[in-house]
Amino acid sequence: MFLEFKKEVEHLLKKALDNASYEYKELDLEESEHADISSRVAFFLARTYKKPPEIIAEDIINHLEIPAKNTLISNAVAAGPYINFYVNDSFLHKTLQRIKEGIETVERKRGKIIIEHTSANPDGPLHIGHLRNAIIGDVLARVLKRAGFDVETHFYVNDMGRQIGVVVWGAERIAFDETKKADLAVADVYIAANRLIEENTEFLNDVEELMRKYEAGDEAVVRKYEAVVKKCLSGIQASLQRLNIRHDLFAWESEFVRGGAVEEVIEELKQKGDIKFDGSGSGSALLLHLEGIEKELVIQRTDGTSLYTTRDLAYHRWKSGRCDRVIDIFGKDHELVSQQLAKGLQILEVKVPEFVIFAFVSLPTGSLSTRAGRYISADKLIEKIETRAYEEVDKRRKDLDESKKHEIARKVGIGALRHDMVKVSPDKHIVFDFDDALDIEKKGAPFIQYSHARACSILKVAEEKWQSLIQGYDTSLLHEESEIELIKKLSKLGYAIEEASSELKSHLIAKYARELAESFNLFYKDCPVLNTDATLRKARLVLVECAKIVLSDVLDVLGIEAPKEM
RNA sequence: GGGCUCGUGGCUUAGCUUGGAUAAAGCACCGGCCUUCUAAGCCGGGGAUCGCGGGUUCGAAUCCCGCCGAGUCCGCCA
């Protein structure tokens, strides 16, 4: 509802500026602690019209007319250089009405977006670095869906790298431990195979032959690869599922080679791009010059085989053809790749993807390294945090049975983990501290979930006592400050989603969720719901019901489950 | 060495794109609040020359330049 209010303010303010004959570029509207929305346009006009901004603000107010009816604005005043707008009772009433009736306030049908995230190499389990990628991507996908886009999530499967060649080679002589989780079993073979190869580097020739055969589409080799990659992916998917993350599509890079798409990209780049041939004798590598990037990009090896970035170009061209916007969640190490992709796609006249680049997660002991054993697997972290969450639940709720306690612990633990990862802006480097991550008590997610549980608890009691509880209510009875503040906060979910989706900033949702929970807790403390007279109780129950809806909505956008009790 | 990113109370962060109303939260710390809907909560308090130095501006955490510190990339790897 807040978005509608903002639109009306924009409309009236523009009209006032026109009436007063001011030329303006921006309305400079923003949320403010002094008003429901505030404009700083007078500052800007002060420069061009060489008058004090206070005078201009006053002048604008004099030309501003708030309609007598069908408006969401109660008042507009000049506060010095600022123009402040305030919502009216109708705004508050309509906000609750909309939420209760489940009417979406955001625009629909804004086009299709393909968002790629996680895309971990299928040579072992996910670690906390992948988790950051997966959670940022998943929340963003949820945000964009809410904002009205048709969203498809992709996991790009790097099945052509040397690592996978090593695993396939290893699997031919070392058996998978079938008692272990699939991705762990694959990692074991990968590590063991690496050791064998280190001892005898001649084995590398075998690996390379496998890779050549795979690229050429040798059927027996393809079957071996598929078995290994699928095995690993099944383990990865199981981990992601525990975090409420799923992908709509797994795109294998090898498909783009064997399907001919990579060859097409190379041919087209030869025609449209600035290409150099490098090498002599049997063949030559293809170097592509990219504007603004010093080093040429090698798009084909001397032996004619393909390279990672070229295959990625083919994948991106394919994606582009299937949607209106392409979004990639990449780690900081892929920043150069993202620039190369963008430039390459420009040459191919394909729309350029939007990138969300996130900084690394490191450990207090240094950067993550699977080979050095310096990493924390996603599964281990999930397991530990659920255990810690269980201890907290057990401490507080001796009355619940075991399965209930475990269910709550799972929701709280996963929620805490997701919230922790998403609350930080992607471009901030994270030093992961295990003890800190497990300190459930001081996490953001349980705070939000707790507010939801409180709301549910009130509604449950009301339902038991009075059944059809919310008939014939009058929300104009809600005029305590904490009630008004809560309603205003409720009205801003759509606004928060709009901000987060247009700027691709998932952490803004985490911020909104916290503020909403805070508003609810203030209301909870100030305003008794069950122990008050019937008419006021009905109105407050409507408010609680709406708060419950929006709290569970915002938790859903964050991919966090909303427990009914805690 | 060059490119990009980050540097905000003791700790973790928001705000920076688009400069403006006392720099905003959480954690930690100190002090209060459970005979009324779950205290994973609420109230109060102390604590920040917004990395350092310059510049632009009526006004800078925000824009520009330099420096320092951290991260990351600079393979016919992925």
Kirkwood Rh and Cα Rg combined as Rg/Rh, the range A:117-367: 0.97
If each K or R counts +1 and each D or E counts -1, the residues other than residue A:214 whose Cβ falls under 13 Å of its Cβ total -3
Going by the alpha-carbon gyration tensor, a ≥ b ≥ c the square roots of its eigenvalues, is the range A:182-242 rounded (a/c under 1.5) or, if a/c is not under 1.5, prolate (a/b greater than b/c) versus oblate? oblate
Counting only protein chains, not ligands or nucleic acids, how are A:406, A:452 ordered by accessible area (probe 1.4 Å), most first? A:406, A:452
The alpha-carbon pair-distance distribution computed for the range A:2-87, with 5 angstrom bins and whole-percent values, is 3, 16, 29, 29, 15, 6, 2, 0
In nm, spacing of pseudo-spin labels at residue A:400 and residue A:177 (7 Å Cα→C-beta vector): 3.4 nm
Of the listed peptides A:407-415, A:285-293, A:380-388, what is their order by residue-averaged count of other C-beta atoms within 10 Å, with the highest listed first? A:407-415, A:380-388, A:285-293
Quick one: check the C-alpha center-to-center distance for the range A:226-286 versus the range A:73-129, whole angstrom. 36 Å
Which whole-number percent gives the relative contact order of the range A:79-168, counting Cα pairs below 8 Å spaced six or more residues apart? 36 percent
State the volume of the convex hull built on the alpha-carbon positions of the range A:419-476, expressed per residue in Å³ and rounded to an integer. 131 Å³
Give me the one-decimal nm value for the distance between modelled label points at residue A:79 and residue A:477, 7 Å along each residue's Cα-to-Cβ direction. 3.2 nm
For the range A:357-516, shape from the Cα gyration tensor axes a ≥ b ≥ c, cut at a/c of 1.5 then a/b versus b/c, turns out oblate
The range A:133-212: GluC sites (Glu not before Pro) in DSSP coil with no more than 14 other Cβ atoms inside 10 Å: A:172, A:178, A:202
With all distinct Cα pairs included, what does the Kirkwood hydrodynamic radius of the range A:200-345 come out to in Å, to one decimal, could you say? 17.4 Å
Run the accessible area of chain A with a 1.4 Å probe and give the carbon-and-sulfur part as a rounded percent. 47 percent
quick note, chain A, DSSP beta bridge pairs, % antiparallel (nearest 5) is 55 percent
With charges set only on the Cβ (+1 for Lys and Arg, -1 for Asp and Glu), what does the dipole of chain A come to about its Cα centre, in debye to the nearest 20? 960 debye
How large is the accessible surface per residue of chain A, computed with a 1.4 Å probe and reported in Å² as a whole number? 47 Å²
For chain A, state the semi-axes of the equivalent ellipsoid (square roots of 5 times the eigenvalues of the alpha-carbon gyration tensor), sorted largest first and rounded to whole angstrom. 51, 34, 18
Could you tell me which residue out of A:542, A:37, A:167 lies farthest along the dipole of chain A toward its positive end? Charges go on the beta carbon: Lys and Arg +1, Asp and Glu -1, centred on the Cα centre. A:542
Remind me, relative contact order of the range A:117-367 in percent, using alpha carbon pairs under 8 angstrom and six or more residues apart? 19 percent
For the range A:274-376 the mean separation of alpha carbon contacts under 8 Å (6+ apart) over residue count, i.e. relative contact order in percent, is 18 percent
Would you please give the residues with an amide H less than 5 Å from that of residue A:157, counting only those at least 5 places away or on a separate chain, with H modeled from the backbone geometry? A:251, A:252, A:253
For residue A:516, the net charge from surrounding residues (Cβ-Cβ under 9 Å; K, R +1; D, E -1) works out to +1
What does the charge dipole of the range A:378-557 about its Cα centre add up to, to the nearest 20 debye, if the Cβ of each Lys and Arg holds +1 and the Cβ of each Asp and Glu holds -1? 220 debye
Towards the positive end of the charge dipole of chain A, with charges on Cβ (+1 Lys, Arg; -1 Asp, Glu), say which of A:122, A:516, A:559 has the farthest Cα. A:516
Within the range A:417-464, DSSP-loop trypsin sites (Lys or Arg not before Pro) with at most 11 other C-beta atoms within 10 Å are A:428
Could the peptides A:12-19, A:397-404, A:127-134, A:482-489 be put in order, highest first, of the mean number of other beta-carbon atoms found within 10 Å of their residues? A:127-134, A:482-489, A:12-19, A:397-404
Say the dipole of the range A:144-301 comes from +1 at the beta carbon of Lys and Arg and -1 at that of Asp and Glu; which of A:190, A:286, A:244 then lies farthest toward its positive end? A:244
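The values are calculated or read from the model by the stated rules, or taken from the named source; none is laboratory data. Fair warning: this is a prediction, and the values are worked out from it, not measured in the lab. Every residue, glycine as well, gets a Cβ built from its backbone with ideal geometry; the counts of neighbours run over all protein chains shown. In case anyone asks, the SASA skips ligands and DNA or RNA and just uses the protein heavy atoms, side chains included. Shrake-Rupley method; radii C 1.70, N 1.55, O 1.52, S 1.80 Å.
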